[in-house]
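The values are calculated or read from the model by the stated rules, or taken from the named source; none is laboratory data. Keep in mind that what you see is a predicted model, and the values were worked out from it rather than measured. Please note: Cβ atoms are built from the backbone with ideal geometry, for glycine as well, and neighbour counts cover all protein chains shown.
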Amino acid sequence: MARIALYYARVSKGTETAVEISSPNLSCYSYAKYFVFVRGSMQGEMVRGDDILVRTKVNKQEQILCKYGVKPGDFELKVDLGQSFGGITNDLMLVDTGIGPNQERFLSIYNLSSRNQVYKTTYLAPIELPATGQVSFWRLIKFATMDDCSNAQEVTSAGLRPTIEKKFVLELRTFDLQETSLSRCGGLE
């Protein structure tokens, strides 16, 4: 009989702490209200993205087996290229979609009560999700010239296009997006 190695850890995926249970190709996150199954999808030797399955718990003590299988009442997002689970805050699930670190990515937010996507935007890594009911991220403002950024030559030498980026803060209750005064030079493929 084959043995499957599992590991358990407390992780912060979103603003709530979850218990993570992982085995090859499957990670599960137990939150107070939800249990999330994240299954990696492969195409040859390349990871295509994650299938994400969310099950609402009967109560926060409910124990659910970490075995992917859709049941009535579950909410499932089938794999999209580069899709990965970002975490849960209250009844909102954050999903990241992108295929590389030096490219614009998409942040999608799903309301788990209504099972609808309620927000989608482009962003540049990293994303920050403090326990304040807000999420912050950087966005591309324009492609930079050598005069715009002191590191433009270094960025260009790395095979990237220099960029000017601004930090934004998204209020998760209202989805109001505010531009901050912070800016940086970066690079995109």
inquiry  = Would you confirm, using the coordinates I've provided, whether ASP74 is under 21 Å from GLN134 (Cβ atoms) and either of a type in the set (Asp, Glu) or modelled with pLDDT under 90 (or both)?
reply    = no
query = Given the residues LEU112, LEU107, which is the only one that is at pLDDT below 95 and among the aliphatic types (A, V, I, L, M)?
reply = LEU107
Residue in the range 89-102 that is farthest from GLY159 (Cα to Cα), counting only those that are at pLDDT below 90 and part of a loop (DSSP other than H, G, I, E, B) = ASN90
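Results for (1) buried (at least 17 other Cβ atoms within 10 Å of the Cβ); (2) in contact (Cβ under 8 Å) with a residue 12 or more places away in the chain, shown as yes or no for each residue.
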residue: TYR34; (1), (2): yes, yes
residue: PHE37; (1), (2): yes, yes
residue: ILE52; (1), (2): yes, yes
residue: VAL58; (1), (2): no, no
residue: GLY86; (1), (2): yes, yes
residue: ASP91; (1), (2): no, yes
residue: LEU94; (1), (2): yes, yes
residue: TYR110; (1), (2): yes, yes
residue: ASN116; (1), (2): no, no
ask   = Within the range 162-175, is there a residue that is touching a residue at least 24 places away in the same chain (Cβ under 8 Å), closer than 30 Å to GLU20 by Cα, out of contact with any Leu (no Cβ under 7 Å at 6 or more places or on another chain) and of a type in the set (Val, Ile, Thr)?
value = yes
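Here is a yes/no grid of residues against (1) assigned to a loop (DSSP other than H, G, I, E, B); (2) at pLDDT below 90; (3) within 30 Å of ASP176 (Cα to Cα):
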{"position": "ILE4", "(1), (2), (3)": "yes, yes, no"}
{"position": "ALA9", "(1), (2), (3)": "no, yes, no"}
{"position": "VAL38", "(1), (2), (3)": "no, no, yes"}
{"position": "MET42", "(1), (2), (3)": "no, yes, no"}
{"position": "VAL47", "(1), (2), (3)": "no, yes, no"}
{"position": "ARG55", "(1), (2), (3)": "no, no, yes"}
{"position": "GLN63", "(1), (2), (3)": "yes, yes, no"}
{"position": "GLY87", "(1), (2), (3)": "no, yes, yes"}
message = Can you tell me which of (1) in a strand (DSSP E or B); (2) surrounded by fewer than 15 Cβ atoms within 10 Å (Cβ to Cβ) is the one LYS167 doesn't meet?
response = (2)
message = Between SER113, SER183, which is in contact with an Asp or Glu (Cβ under 8 Å, 6 or more places away or on another chain) and closer than 21 Å to GLY87 by Cα?
response = SER113
inquiry  = I'd like to know if the range 98-108 contains one or more residues that are exposed (fewer than 15 other Cβ atoms within 10 Å of the Cβ) and closer than 24 Å to VAL54 by Cα.
reply    = yes
ask   = So which residues in the range 134-150 are surrounded by fewer than 15 Cβ atoms within 10 Å (Cβ to Cβ) and assigned to a loop (DSSP other than H, G, I, E, B), if there are any at all?
value = THR145, MET146, ASP147, ASP148, SER150
message = Please determine whether any residue of the range 57-73 is under 16 Å from the mean Cα position of the chain (by Cα) and at positive phi.
response = no
task = Return only the number of the condition from (1) over 13 Å from GLY187 (Cβ atoms); (2) touching a residue at least 24 places away in the same chain (Cβ under 8 Å); (3) in a strand (DSSP E or B); (4) out of contact with any Lys or Arg (no Cβ under 9 Å at 6 or more places or on another chain) that PRO130 does not satisfy.
result = (3)
